Amino acid sequence: MATPRSTSGGKIVLAACAVLLFCVFAALGTWQVKRLQWKLDLIERVNSRVNAPPVPPPGPQQWARVSAASDEYRRVRVSGKFLYQYTTRVQTTTALGIGFWLMTPLCTDDGIVFVNRGFVPMQSGDLDKPAPPSAAADPCAGAFGPAAEITGLLRLPEPKGRLLRENDPAHERWYVRDIPAIAAQRGLTGVAPYFVDAPAGQEYPPDASERAVGGLTVIAFPNNHLVYALTWFALAAMVAGGYYLVLRHEKRRTRANDQAKRARDD
């Protein structure tokens, strides 16, 4: 039979565990509520940028301050001449299948801006194509063709590989759109730290063999924070309810023991 002291100690441990679990679950639920508000603000901010009138992209004086919070998915209008010979093909998978993004530098008045001209499906021999040449001292002097104007979405580089696949510049294997790495491999300087996703109809193909499909930017932000918050709050409520049931059971058992003791005394 448990002594009163051991019984009291067990109650203290049980209460401490219940309080601890309740606080942890309630804190996690509160954190998810804050994350929910952050995600809703993010979605609203991105939607407003995507649907806003286009603006000039950040110039060289602003490049150091470009960030996802202030600039990503902003509609921008950029014009210049493409350096098609330095196009980098970045492997990707889209709704159209497996293929490449065509990342082409665009010479502008403020420097070089990479443009994602769109998606092309993978064909036999694509992975064995020779690497683009290294840039000349003044690569923009070699820009050819008519001037192009792109009204697209400003995007930030993707510096890390997906599913553990990282870029292999030495073998011309590109899996993420890491603009600084691509520019360095091509020998290009004065390159903006962002790129622009071209919309459908503004892919500017130099010929029919490299016709890309633009406008495939995926703007989707998973938002399950409300479900997570409700789950954590439900667990907190279950802990509180379970502890209440334990206390009620203990109270009933104590009352029954007291009644049995009085009956024996009588």
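The values are calculated or read from the model by the stated rules, or taken from the named source; none is laboratory data. None of these values were measured; they are calculated from a predicted model. Here Cβ is always computed from backbone atoms with ideal geometry, including for glycine, and neighbour counts include all displayed protein chains. The protein model used for the area step is the full one, side chains on, heavy atoms only, and it has no ligands, DNA or RNA in it. Shrake-Rupley method; radii C 1.70, N 1.55, O 1.52, S 1.80 Å.
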Worksheet item: Which Cys in the chain stand alone, with every other cysteine's Cβ at 4.7 Å or more from theirs?
Response: CYS17, CYS23
Worksheet item: What nm value, rounded to one decimal, do you get for the distance between LYS129 and TYR228 when each label is placed 7 Å out toward the C-beta?
Response: 4.0
Worksheet item: In sequence order, what are the phi-derived ³J(HN,Hα) couplings for the range 26-42 according to the Karplus relation 6.51 cos²θ - 1.76 cosθ + 1.60 with θ = phi - 60°, rounded to whole Hz, with x for glycine and proline?
Response: 5, 5, 5, x, 5, 4, 5, 5, 5, 5, 4, 5, 4, 5, 5, 5, 4
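In whole Å and largest first, what semi-axes does the C-alpha gyration tensor of the chain yield when each eigenvalue is scaled by 5 and square-rooted?
Working: eigenvalues 818, 75, 51 Å².
One finds semi-axes of 64, 19, 16 Å for the chain.
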Practice prompt. Provide ILE43, ILE182 ordered by accessible surface of protein heavy atoms (probe 1.4 Å), highest first.
Written response: ILE43, ILE182
Practice prompt. Starting from 0 in steps of 10 Å, tell me what percent of the Cα-Cα pairs of the range 1-118 lands in each bin.
Written response: 11, 20, 23, 13, 10, 8, 8, 5, 2
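Can you give the extra length, in nm with one decimal, that the chain gains between ARG253 and ALA141 once fully stretched, where that is 0.36 nm per residue apart less the Cα-Cα distance? Working shown, then result.
On the way: separation 112, 0.36 × 112 = 40.32 nm, distance 9.16 nm.
Difference between extended and current length: 31.2 nm.
Among rounded, prolate and oblate, which fits the range 179-221 when a ≥ b ≥ c are the square roots of the eigenvalues of its C-alpha gyration tensor, a/c under 1.5 means rounded, and a/b larger than b/c means prolate? Numbers along the way, then the final one.
Details: a/c = 2.70, a/b = 1.28, b/c = 2.10.
Because a/c hits 1.5 or more and a/b fails to exceed b/c, the range 179-221 counts as oblate.
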Discussion item. Please list TRP38, TRP63 from largest to smallest accessible area, probe radius 1.4 Å, with all protein chains kept in place.
Written reply: TRP38, TRP63
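Would you please classify the overall shape of the range 66-156 from the alpha carbon gyration tensor, given that a ≥ b ≥ c denote the square roots of the eigenvalues, rounded means a/c under 1.5, and beyond that prolate means a/b larger than b/c while oblate covers the rest?
On the way: a/c = 2.01, a/b = 1.12, b/c = 1.79.
Oblate is the answer for the range 66-156, as a/c is 1.5 or above yet b/c matches or exceeds a/b.
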Worksheet entry | Accessible area, probe 1.4 Å, largest first, for residues ASP128, ASP109 | ASP109, ASP128
Worksheet item: So if we plug the beta-carbon distance of ARG77 and THR189 into 1/(1 + (r/R0)^6) with R0 = 35 Å, what FRET efficiency do we get, rounded to 0.05?
Response: 0.90
Response to the item:
The FRET efficiency for ASP109 and ALA27, from their Cβ-Cβ distance with R0 = 45 Å and rounded to 0.05, is 0.30
Fill in: Backbone N under 15 Å from the CYS17 label point (7 Å along Cα→Cβ), restricted to the range 211-254
239-247
Discussion item. With every protein chain left in place and a probe of 1.4 Å, what is the accessible surface of GLU44, to the nearest 10 Å²?
Written reply: 130
